[in-house]
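See below for the structure under consideration.
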Amino acid sequence: MLATAGTLAGCGTKGAQQTEAGCKSEDLSATEKKLAFSNWPQYIDVDEKDAAKRPTLDAFVARSGIQVTYTEDVNDNNEFFGKVQNQLAGCQSTGRDLMVLTDWMASRMIRLGWLQKLDRSKLPNVEANLLPSLRNVSFDPDREFSVPWQSGLAGLAYNAKVTKEIRTVDELLTRPDLKGKVTALSEMRDTMGLLLQSNGHDPANFTAAQFDDALAKLKRAVDSGQIRKFTGNDYSQDLNKGDIAACICWSGDVIQLGFENDKIKFVAPESGVMLWSDNMLVPNKASHKANAEQLINYYYEPAVAAKMAAYVNYICPVKGAQAEMEKIDPELASNPLIFPDEPMLARARSFMALDEKQERDFEAKYQKVIGA
């Protein structure tokens, strides 16, 4: 996952609510063939010989005539929220027509009324090709505001050079030979989602008491010294070097590590894995919405999606892309972390959409336990 966690400190959402009627946006797409697109770093295919070229994006520009200003200025969900919150709270333009944010931040923006509703009639490829497992999410049940850019799994990983196989979350949190050699993710929804599942609860539908029970399990692992630290993506090099033996991880990181180290293994616990997406969103006052919808629809062509997935190595959300990937790289086409099989997807859950109070309360409890 490209996102990192953060608290709601300074969220500043009080009085920031907008409505569709109260914050109207004018679309200039018919006369202005341009588009400003904000995304995470290293989250699109790049030409190996010329880093200035992005093959799928360049092909879109050539086909559509729409000039795309592509900016890699989303480094953290909360940091990006801080960049745009004053404009969006005041119904002003952010200067962006399309932005990619993780499920929970997309949920917050929908709750605040800061996004424009997408025109489904302009997204026939999305209608036809969005994976069934990603169609009905609690924060946006009909995908009225969001379309997945890429998805990923949170699960477990271990370095087989320094430890034997792990299979369960409970092993990770209690096995004596792993003490002090384990990390977990600072992203609350992924770590707590896995712990909720390990307790037999559904992270897509749980009670506060069930959350507290899972948090108590995590606290025991922290207090005992089992967990060394909580991290963002920075666990990956420690795992690669064997400085840690096992961890809660993101699937895309493990694929990348696997290219250089075949001892790094991903584990999907039988209790379940967490499924998340980074989503394409059109903010209020974006003035090129139809152009943005054209780009969204383009990236749901299976051949285009396969080209990008071959580069970024996260879960491709597009049906039909696996067959196209066979033509590019048969090994990647058979990788269950890019194209999960039905048994894995059947065990995958998304985290429940939270209201503002729940988000604040759960994050505060979590941050206290992880020492943030």
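The values are calculated or read from the model by the stated rules, or taken from the named source; none is laboratory data. Here the structure is a predicted model, which means the values were calculated and not measured. Every residue, glycine among them, receives a Cβ derived from its backbone with ideal geometry; neighbour counts consider all protein chains shown. SASA here: full protein model, heavy atoms, side chains in, ligands and nucleic acids out. Shrake-Rupley method; radii C 1.70, N 1.55, O 1.52, S 1.80 Å.
Of the residues making up segment 237-252, those that are open to solvent by less than 20 Å² (accessible area, probe 1.4 Å) and over 12 Å from Y158 (Cβ atoms) are W250, S251, G252. Scanning segment 89-103 for residues being in a strand (DSSP E or B) and hydrophobic (A, V, I, L, M, F, W, C) gives a total of 4.
Taking segment 320-372 as the range and being open to solvent by 30 Å² or more (accessible area, probe 1.4 Å) and of a type in the set (S, T, N, Q) as the test, the residues that pass are Q322, S334, N335, S350, Q358. When residues in segment 1-40 are screened for being open to solvent by less than 30 Å² (accessible area, probe 1.4 Å) and either modelled with pLDDT of 95 or more or of a type in the set (F, W, Y) (or both), 7 of them pass.
Only one of the numbered conditions (1) within 27 Å of A346 (Cα to Cα); (2) charged (D, E, K, R); (3) assigned to a helix (DSSP H, G or I) is violated by D142, and that is (3). Go through the residues of segment 272-293 one by one and say whether even a single one is of a type in the set (K, R), in contact with a strand residue (DSSP E or B) (Cβ under 6 Å, 6 or more places away or on another chain) and open to solvent by 30 Å² or more (accessible area, probe 1.4 Å). So far as segment 272-293 goes, no, none of its residues is of a type in the set (K, R), in contact with a strand residue (DSSP E or B) (Cβ under 6 Å, 6 or more places away or on another chain) and open to solvent by 30 Å² or more (accessible area, probe 1.4 Å).
Note on segment 161-211: residues that are among the β-branched types (V, I, T) and either open to solvent by 10 Å² or more (accessible area, probe 1.4 Å) or without any contact (Cβ under 8 Å) to a residue 40 or more places away in the chain (or both) total 5.
Of the residues making up segment 164-211, those that are closer than 12 Å to M274 by Cα and in contact with a His (Cβ under 8 Å, 6 or more places away or on another chain) number 0. Of all residues in segment 329-363, those that are assigned to a loop (DSSP other than H, G, I, E, B), out of contact with any Pro (no Cβ under 6 Å at 6 or more places or on another chain) and either under 20 Å from A106 (Cα atoms) or of a type outside the set (V, I, T) (or both) total 14. Of the residues contained in segment 93-100, none is found to be among the small types (G, A, S), free of Cβ contacts under 8 Å to residues at least 40 places away in the same chain and on the phi > 0 side of the Ramachandran plot. With the structure loaded, tell me whether D97 is more than 22 Å from Y314 (Cβ to Cβ) and crowded, with 22+ Cβ neighbours inside 10 Å or whether it fails that test. Yes, satisfied.
Inside segment 337-349, residues that are within 25 Å of Y311 (Cβ to Cβ) and touching a residue at least 12 places away in the same chain (Cβ under 8 Å) make up a count of 7.
Here's the yes/no breakdown for (1) farther than 25 Å from R349 by Cα; (2) polar (S, T, N, Q):
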position: R167; (1), (2): no, no
position: R175; (1), (2): yes, no
position: M192; (1), (2): no, no
position: F211; (1), (2): no, no
position: T231; (1), (2): no, yes
position: G242; (1), (2): yes, no
position: C247; (1), (2): no, no
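Applying the condition of being under 15 Å from the mean Cα position of the chain (by Cα) and part of a helix (DSSP H, G or I) to segment 60-88 and asking which residue is surrounded by the most Cβ atoms within 10 Å (Cβ to Cβ) yields N77. Set side by side, the residues E79, E72, E127 differ, and just one is of a type in the set (D, E, K, R) and closer than 25 Å to Q322 by Cα, which is E127. The set of residues from segment 157-206 being among the polar types (S, T, N, Q) and in a helix (DSSP H, G or I) comprises T174, T191, Q197, S198. Of note, A306 does not satisfy the criterion of being part of a helix (DSSP H, G or I), open to solvent by 10 Å² or more (accessible area, probe 1.4 Å), of a type in the set (G, A, S) and more than 17 Å from V100 (Cα to Cα).
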